[in-house]
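The values are calculated or read from the model by the stated rules, or taken from the named source; none is laboratory data. All values reported here derive from a predicted model rather than from experimental measurement. Every residue, glycine as well, gets a Cβ built from its backbone with ideal geometry; the counts of neighbours run over all protein chains shown.
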């Protein structure tokens, strides 16, 4: 099982679109995809579209926490979009729902960027 | 034995029997473990939320086996045995790697926001009982149990 990763330019930043399960096997690929975005100079925002992610485990959560920390270091906004019930439940279990900026739609997330 | 139409997996006398799966200790097989567990957890009558958490808890336990018992070596073996009876749903995970040091198993504080350390917390959230047995020859037997009376629809 692989995870598909696509990047799109949006306003002042980038959107990373993930599709597939994000687990111990695939989270290194997600981390690499994020690394490519963080190499882009001048980016002010990162939106991660999770609409295609039906499963995420603690390694996926760890990858997103790392992304949040990198965004803070680089002065970038990080927004998560379209969490499935399964992924939202993992965020609630980890008590991270209020730590991340989470939006229901891409339009909501990219508004004002 | 049948799994058709959501019937319980049982032999002729009507008693539950374990369903077993053997996979290598490579993270790519976590997907196979989850897909194997899904119909078994659903047939056990758990709510969607409980079912998701049980699958997550087992996934995290297997990830810990890969990381800590086998040190990332993909050539190890994980044997998963699932038992669904009237009182409880249990998952037994046997490995042949480094024995678990129970003194080092602890979830991190959830208000300590940092990568990692959540796997044990997710296991505890899913199951009523988690036991590690290091007295069964090589490796460790981890048994995860959820009581049926806590099934919510």
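Just checking, does the stretch A:37-44 include any residue being surrounded by fewer than 21 Cβ atoms within 10 Å (Cβ to Cβ) and either at pLDDT 95 or above or within 12 Å of another protein chain (Cβ to nearest Cβ) (or both)? Checked the stretch A:37-44: no residue is surrounded by fewer than 21 Cβ atoms within 10 Å (Cβ to Cβ) and either at pLDDT 95 or above or within 12 Å of another protein chain (Cβ to nearest Cβ) (or both).
Just one of (1) in a helix (DSSP H, G or I); (2) closer than 20 Å to residue A:87 by Cβ; (3) more than 11 Å from chain A (Cβ to nearest Cβ) trips up residue B:46, so point out which. (1) is the only condition that residue B:46 fails. Of everything listed in (1) modelled with pLDDT under 95; (2) over 21 Å from residue A:55 (Cα atoms); (3) crowded, with 16+ Cβ neighbours inside 10 Å, the single unmet condition for residue B:87 is (3). One residue stands out among those in the stretch B:110-153 that are over 19 Å from residue A:86 (Cα atoms) and assigned to a helix (DSSP H, G or I): the one that is modelled with the highest pLDDT, which is B:148. Go through A:109, A:67, A:62 for me and flag whichever is in a helix (DSSP H, G or I), touching a residue at least 24 places away in the same chain (Cβ under 8 Å) and away from chain B (no Cβ under 14 Å). One residue alone meets the criteria, A:109. Kindly establish whether residue B:100 is at pLDDT below 95, over 22 Å from residue A:88 (Cβ atoms) and buried (at least 19 other Cβ atoms within 10 Å of the Cβ). Here the answer is yes, as residue B:100 does meet what is asked.
Does the stretch A:10-19 contain any residue that is in contact with a helix residue (DSSP H, G or I) (Cβ under 9 Å, 6 or more places away or on another chain), within 11 Å of another protein chain (Cβ to nearest Cβ), crowded, with 22+ Cβ neighbours inside 10 Å and within 30 Å of residue B:47 (Cβ to Cβ)? Within the stretch A:10-19 (the criterion being in contact with a helix residue (DSSP H, G or I) (Cβ under 9 Å, 6 or more places away or on another chain), within 11 Å of another protein chain (Cβ to nearest Cβ), crowded, with 22+ Cβ neighbours inside 10 Å and within 30 Å of residue B:47 (Cβ to Cβ)), the answer is no, since none of the residues qualifies.
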